[in-house]
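Inspection log for the structure reproduced underneath, given as structure tokens.
The values are calculated or read from the model by the stated rules, or taken from the named source; none is laboratory data. None of the values given here were measured: they were computed from a predicted structure. Because the Cβ atoms are built from the backbone with ideal geometry, glycine has one as well, and the counts that use them run over all protein chains shown.
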Amino acid sequence: MDDRQRVALEGLDRRLIGSTPKLVCEGAWKLFGPGAEGFLRAHGGTATLAEIGSAGLVPAVRNVDLAVQAGESFVVMGLSGCGKSTLLRCLSRITELTAGRITLDGRDLGLLSRDELVDLRRHKMGMVFQHFALLPHLTVLENVAFPLRIQGRSAVEREARARELIEVVGLGGREQYFPRQLSGGQQQRVGIARSLAVNPEVWFLDEPFSALDPLIRSEMQEEFLRLRNMFSTTIVFITHDLDEAVRLATRIAIMRDGEIIQTDTPEQLILRPANSYVEEFTRRIPRAKVLTVGSVMRASTTVEAGSGSDSVVRVDAKICDVAAAVLAAPGPVRVANATGSVVGSLDRETVISVLADTRSR
């Protein structure tokens with residue numbers, strides 16, 4: 001792993017560090033407009049927004065480095081027009097880079113032939129988009145089985161797999177429905193099942209829930225979390241919604257004007273924002289839902305006698321999940337790690353401070 005990849009991995013969940021990145025993006029540029037490649041070469045592979053604008057080009061992705069680990073839920077977020085969806089399309093090579101390199105399992109996607117790229121998408125990639133893109137003339141069963149049909153699987157095999165996934169996403173009994181007979185949330189479940197049909201190694205999701213009503217959106221986020229735990233797949237998820245990103249992400253990359261400003265865990269984005277933009281961007285994240293006990297506890301291997309030490313909370317628990325127990329205790333509660341060893345204490349004043357922090361809204 002080179003230095004650029006190590007920087008891109010900074011802040012990654014410790015369970016994932018040390019393995020080889022699944023998906024790596026190095027020095028990626030995507031400029032729209034005539035002469036974009038020549039323009040970048042003339043500027044030595046770098047250019048400011050002003051220079052790009054003066055050349056009549058539109059900057060979508062600018063010098064992006066990132067590394068996504070196997071099994072990670074990597075969320076890219078930013079305001080509309082920041083380039084996040086274009087970045088995802090570049091990662092899957094739906095859109096060609098102007099400059100830079102993207103590798104999957106060390107394989108340079110830019111060097112693949114058309115046939116090799118088609119084969120890679122058929123067997124290793126799953127994609128879900130904001131607009132469900134279901135085939136209206138096919139039933140639910142046929143839509144879900146469609147990628148397997150493209151692979152050339154037998155009718156028996158693809159029907160069995162499709163029925164299995166339809167049950168997984170909670171649509172059992174609707175196999176013969178057509179898309180027009182389903183609600184928006186049900187249609188998106190079909191899209192998710194279809195994207196999982198080939199058991200993809202990398203799952204790309206581009207704002208898949210943004211067109212749904214708030215209640216259905218929350219239900220689909222729950223469904224996503226359930227499916228994430230069922231399938232060993234690497235996820236790149238695009239959203240503009242902070243709450244959604246915090247809920248679903250292992251790490252979050254915040255984009256602005258085509259650049260990635262900071263990549264880190266949700267907790268570290270709050271505790272150590274890279275600049276004022278990230279600080280302002282994350283200001284309304286409910287801190288109690290993001291901060292862990294370990295980030296605010298008082299480190300210690302003992303707790304004072306008679307302080308409420310009969311209560312124990314996990315060091316990796318979220319403050320929102322332990323607040324009631326801590327507030328009800330007569331004094332500081334013990335904090336234990338995964339092996340049960342006491343590593344610190346947490347008092348009600350600290351919890352109240354997190355709950356009342358004005359930056360949470």
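Kindly indicate which of Arg153, Arg121 is without any contact (Cβ under 8 Å) to a residue 40 or more places away in the chain, within 18 Å of Val198 (Cα to Cα), outside any helix (DSSP H, G or I) and of a type outside the set (Ser, Thr, Tyr). Spell out the reasoning first.
On the way: Arg121 fails: outside any helix (DSSP H, G or I).
Going through Arg153, Arg121 in turn, the sole match is Arg153.
Out of Arg251, Arg247, Arg226, which single residue is in contact (Cβ under 8 Å) with a residue 24 or more places away in the chain and over 28 Å from Gly27 (Cβ atoms)? So that I can check it myself, show each step before the final result.
Values: Arg251 fails: over 28 Å from Gly27 (Cβ atoms); Arg226 fails: in contact (Cβ under 8 Å) with a residue 24 or more places away in the chain.
None of the other options fit; the residue is Arg247.
Residue by residue, here is whether (1) more than 30 Å from Val58 (Cα to Cα); (2) loosely packed, with under 14 Cβ neighbours inside 10 Å; (3) of a type in the set (Gly, Ala, Ser); (4) in the same structural domain as Ile192 (by TED's automatic domain parsing) holds:
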site: Lys84; (1), (2), (3), (4): no, no, no, yes
site: Cys90; (1), (2), (3), (4): no, no, no, yes
site: Thr98; (1), (2), (3), (4): no, no, no, yes
site: Leu112; (1), (2), (3), (4): no, no, no, yes
site: Thr139; (1), (2), (3), (4): yes, no, no, yes
site: Glu142; (1), (2), (3), (4): yes, no, no, yes
site: Val169; (1), (2), (3), (4): yes, no, no, yes
site: Gly173; (1), (2), (3), (4): yes, yes, yes, yes
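Criterion applied to Glu219, Glu207 was being touching a helix residue (DSSP H, G or I) at 6+ places or on another chain (Cβ under 8 Å) and closer than 30 Å to Ile52 by Cα, and the one residue passing it is Glu207. Just one of the listed residues (Leu120, Leu171, Leu134) is in contact with a Pro (Cβ under 7 Å, 6 or more places away or on another chain) and modelled with pLDDT under 95, and it is Leu134. Taken over segment 316-357, the criterion of being in contact with a helix residue (DSSP H, G or I) (Cβ under 7 Å, 6 or more places away or on another chain) and of a type in the set (Val, Ile, Thr) is satisfied by Ile319, Val322, Val326, Val333, Val335, Thr350, Val351, Val354.
How many residues does segment 128-142 hold that are out of contact with any Leu (no Cβ under 7 Å at 6 or more places or on another chain) and part of a helix (DSSP H, G or I)? Before you say what the answer is, go through the steps one by one.
Our first condition is that a residue be out of contact with any Leu (no Cβ under 7 Å at 6 or more places or on another chain); within segment 128-142, this holds for 129-139, 141-142.
So of that shortlist, the ones also part of a helix (DSSP H, G or I) come out as 141-142.
Qualifying residue count, segment 128-142: 2.
Ala299 versus (1) assigned by TED's automatic domain parsing to the domain that holds Lys22; (2) small (Gly, Ala, Ser); (3) surrounded by fewer than 21 Cβ atoms within 10 Å (Cβ to Cβ): which is the lone unmet condition? Among (1) assigned by TED's automatic domain parsing to the domain that holds Lys22; (2) small (Gly, Ala, Ser); (3) surrounded by fewer than 21 Cβ atoms within 10 Å (Cβ to Cβ), the lone unmet condition for Ala299 is (1).
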